[in-house]
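The values are calculated or read from the model by the stated rules, or taken from the named source; none is laboratory data. These figures come from a predicted structure and were not determined experimentally. Cβ: placed from backbone, ideal geometry, glycine included. Neighbour counts: every protein chain shown. For accessibility, only protein heavy atoms count, side chains too; no ligands or nucleic acids. Shrake-Rupley method; radii C 1.70, N 1.55, O 1.52, S 1.80 Å.
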Amino acid sequence: MRTWKEVRPKLYSAEEIRESNLRVAIIGELIKARREQNISQRQLEELSGVKQPIISRMESGGTSPQLDTVLKVLAPLGKTLAVVPLNEHA
């Protein structure tokens, strides 16, 4: 039996894996910030203007949100995105 770590590189390119890891990290930070501030998805909808079902799909990985949607959701949480050099060894 093989692990996901062994199988993943055979199914996806290195670029696809990097993109997926980045998406997971961004959404993970969004979820963390929302929970730390004790804000429900419904409250975040009211604050951001992004519908709760969209927030739910973002958080569950059911969609790959557009950049403007991510920024709309992050702003009321006091967060934004930053462009930083890639750590090629990660």
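Restricting the search to the stretch 12-39, which residues are assigned to a helix (DSSP H, G or I), open to solvent by less than 60 Å² (accessible area, probe 1.4 Å) and within 18 Å of Val70 (Cα to Cα)?
Of everything in the stretch 12-39, those that are assigned to a helix (DSSP H, G or I), open to solvent by less than 60 Å² (accessible area, probe 1.4 Å) and within 18 Å of Val70 (Cα to Cα) turn out to be Ser20, Ala25, Ile26, Ile27, Gly28, Leu30, Ile31, Ala33, Arg34.
Charged (D, E, K, R), open to solvent by less than 100 Å² (accessible area, probe 1.4 Å) and under 11 Å from the mean Cα position of the chain (by Cα) - does that describe any residue in the stretch 54-66?
Yes, the conditions are met somewhere in the stretch 54-66.
Per-residue answers, yes or no, for (1) touching a strand residue (DSSP E or B) at 6+ places or on another chain (Cβ under 8 Å); (2) at pLDDT 95 or above; (3) among the charged types (D, E, K, R):
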residue: Lys5; (1), (2), (3): no, no, yes
residue: Lys10; (1), (2), (3): no, no, yes
residue: Ser13; (1), (2), (3): no, no, no
residue: Leu22; (1), (2), (3): no, no, no
residue: Leu30; (1), (2), (3): no, yes, no
residue: Arg35; (1), (2), (3): no, yes, yes
residue: Glu46; (1), (2), (3): no, yes, yes
residue: Pro53; (1), (2), (3): no, yes, no
residue: Arg57; (1), (2), (3): no, yes, yes
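Quick check on my filter: what residues within the stretch 67-79 are open to solvent by 30 Å² or more (accessible area, probe 1.4 Å) and in contact with a helix residue (DSSP H, G or I) (Cβ under 6 Å, 6 or more places away or on another chain)?
Lys72, Pro76, Lys79
Considering only residues that are closer than 14 Å to Gly78 by Cβ and charged (D, E, K, R), which ones fall in the stretch 21-66?
Glu29, Lys32, Arg34, Arg35, Glu36
Mind listing whichever residues of the stretch 60-85 are of a type in the set (A, V, I, L, M, F, W, C) and in contact (Cβ under 8 Å) with a residue 24 or more places away in the chain? Explain how you work it out, then say what you get.
First pass over the stretch 60-85, keeping only residues of a type in the set (A, V, I, L, M, F, W, C): 67, 70-71, 73-75, 77, 81-84.
Answer for the stretch 60-85, where residues must be of a type in the set (A, V, I, L, M, F, W, C) and in contact (Cβ under 8 Å) with a residue 24 or more places away in the chain: Val70, Val73, Leu74, Ala75, Leu77, Leu81.
I'd like the full set of residues that are open to solvent by 60 Å² or more (accessible area, probe 1.4 Å) and assigned to a helix (DSSP H, G or I), limited to the stretch 40-52.
Arg42, Gln43, Glu46, Leu47
Does the stretch 69-90 hold any residues that are more than 22 Å from Asn21 (Cβ to Cβ), in a helix (DSSP H, G or I) and either within 12 Å of the chain's Cα centre (by Cα) or not basic (Lys, Arg) (or both), and which are they?
From the stretch 69-90, those more than 22 Å from Asn21 (Cβ to Cβ) are 72, 75-76, 78; that's our starting set.
Now restrict to residues that are in a helix (DSSP H, G or I): 72, 75-76.
Across the stretch 69-90, the qualifying residues are Ala75, Pro76.
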